[in-house]
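Some notes on the structure that comes next.
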Amino acid sequence: MRHFLTLKDFTKDEILEIIDIGLEIKNNLKNKIYKKELDMQTLGMIFEKSSTRTRVSFETGMFQLGGHALFLSNRDIHLGRGEPIKDTARVISSMCNMVMIRTYEHSMIEEFALNSSVPVINGLTDSFHPVQLLADYMTLVEHNAEQNIVAAYVGDGNNMAHSWMILAAKLGFELRIATPKGYEVDADILKEALILAKESGAKIITTHNPKIAVKNATVVTTDTWTSMGQEDEKQERIKIFQGFMVDESMMCLASKDAKFLHCLPAYRGLEVSEEIFDKHSNIIFNEAQNRLHAQKGLMVWLDKHK
Ligand code: CP
Ligand code: NVA
């Protein structure tokens, strides 16, 4: 049995296989072919943070695969009142076939997985957001932009930046990360990514200069400057992140047909200008919709490896 806590535990071939399954299911859906591959199965979804895309995509995906998803907010289950993680994991995994968790500390999801008898999927932690990267890469494949990727991540050294590092390190492409001073990626995760990069031939560089990162990039991406749980820092971050907005003057340094991705929710006028968001809105909303298809690929893959 496998858990999906970060992309670190998956090989390049496995990541590509999950995306292929997702693309096949997406294609089938267009032709009104519904295979009930998870017939009668249930997915428990524990949310300790807000979500639009993650909840809707997992719930819809599970239904389309013939199963059912349970939305479990920590305000409603005993986990939020102090029931130990290990007991919650044992109980939920004794009734559900898979569990998806969105939480703060990455260690929470690790502890849950250790005590779970069914696969656990990371639906975002403070450290990683791996399901988003499945959708992002699937989107690049669909837009014929997955060859010779030179990616630039501009903004906060957060869960999205970390997940981009692991994807680049696994798939072997070049990634430049530009963050303001004091908002760099986690040093330990960077170290791990650099070790993996040596094996795959990936090139990962970090800088404080967004222009260096974006120069001739084929993919440019960013994320909110204020992640969930950091709301109190928002005003301070807006001041510190000046110069890191992806706008026309930044995008024009990238390669001619560079793709712009954003995991959403986006804050126009902060991490991305209104103009750039509008110009790339087709790919951005395709990326959001691909959460549904990529995660169906993931759930089918995890079920096959039980
Ligand atoms: N991108 C993403 O995970 O969106 P939600 O927070 O709406 O789930
Ligand atoms: N970095 C953001 C991603 C939201 C999908 C957050 O953690 O809030």
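The values are calculated or read from the model by the stated rules, or taken from the named source; none is laboratory data. Computed from a predicted structure; not experimentally measured. Neighbour counts are summed over all protein chains in view; Cβ atoms, including those assigned to glycine, are modelled from backbone coordinates with ideal geometry. Accessible surface areas use protein heavy atoms only, side chains included; no ligands, DNA or RNA. Shrake-Rupley method; radii C 1.70, N 1.55, O 1.52, S 1.80 Å.
Within segment 47-66, count every residue that is more than 16 Å from ligand 2 (Cβ to nearest atom) and either in contact (Cβ under 8 Å) with a residue 60 or more places away in the chain or crowded, with 22+ Cβ neighbours inside 10 Å (or both). Count: 5. Applying a threshold of 6 Å to beta carbon distances and a minimum spacing of six or more residues, or different chains, the list of pairs starting in segment 150-167 at a residue that is in a strand (DSSP E or B) and ending at one that is within 13 Å of ligand 1 (Cβ to nearest atom) reads Y153/T221; V154/T222. Could you check L264 against (1) touching a Leu at 6+ places or on another chain (Cβ under 6 Å); (2) in a loop (DSSP other than H, G, I, E, B) and say which number it fails? Against the list (1) touching a Leu at 6+ places or on another chain (Cβ under 6 Å); (2) in a loop (DSSP other than H, G, I, E, B), L264 comes up short only on (1). The residues in segment 140-154 that are crowded, with 24+ Cβ neighbours inside 10 Å and β-branched (V, I, T) can be counted, and the count is 1. Residues in segment 265-274 that are open to solvent by 20 Å² or more (accessible area, probe 1.4 Å), out of contact with any Phe, Trp or Tyr (no Cβ under 7 Å at 6 or more places or on another chain) and either of a type in the set (A, V, I, L, M) or closer than 20 Å to D136 by Cα (or both): P265, Y267. Residue count for segment 14-41 satisfying the condition of being among the polar types (S, T, N, Q) and crowded, with 18+ Cβ neighbours inside 10 Å: 1. Does F285 fit the bill of being surrounded by fewer than 14 Cβ atoms within 10 Å (Cβ to Cβ) and either under 15 Å from I19 (Cα atoms) or within 18 Å of the chain's Cα centre (by Cα) (or both)? Yes: the conditions hold for F285. Quick one: in segment 104-138, of everything that is among the polar types (S, T, N, Q) and within 15 Å of ligand 2 (Cβ to nearest atom), which residue is surrounded by the most Cβ atoms within 10 Å (Cβ to Cβ)? Of everything passing the filter in segment 104-138, Q132 is surrounded by the most Cβ atoms within 10 Å (Cβ to Cβ). For segment 80-103, enumerate the residues that are open to solvent by 40 Å² or more (accessible area, probe 1.4 Å) and farther than 30 Å from E231 by Cα. Correct list: D87, R90, V91, S94, M95, N97.
Within segment 102-123, can one find any residue that is among the basic types (K, R) and at pLDDT 95 or above? Yes, because at least one residue in segment 102-123 is among the basic types (K, R) and at pLDDT 95 or above.
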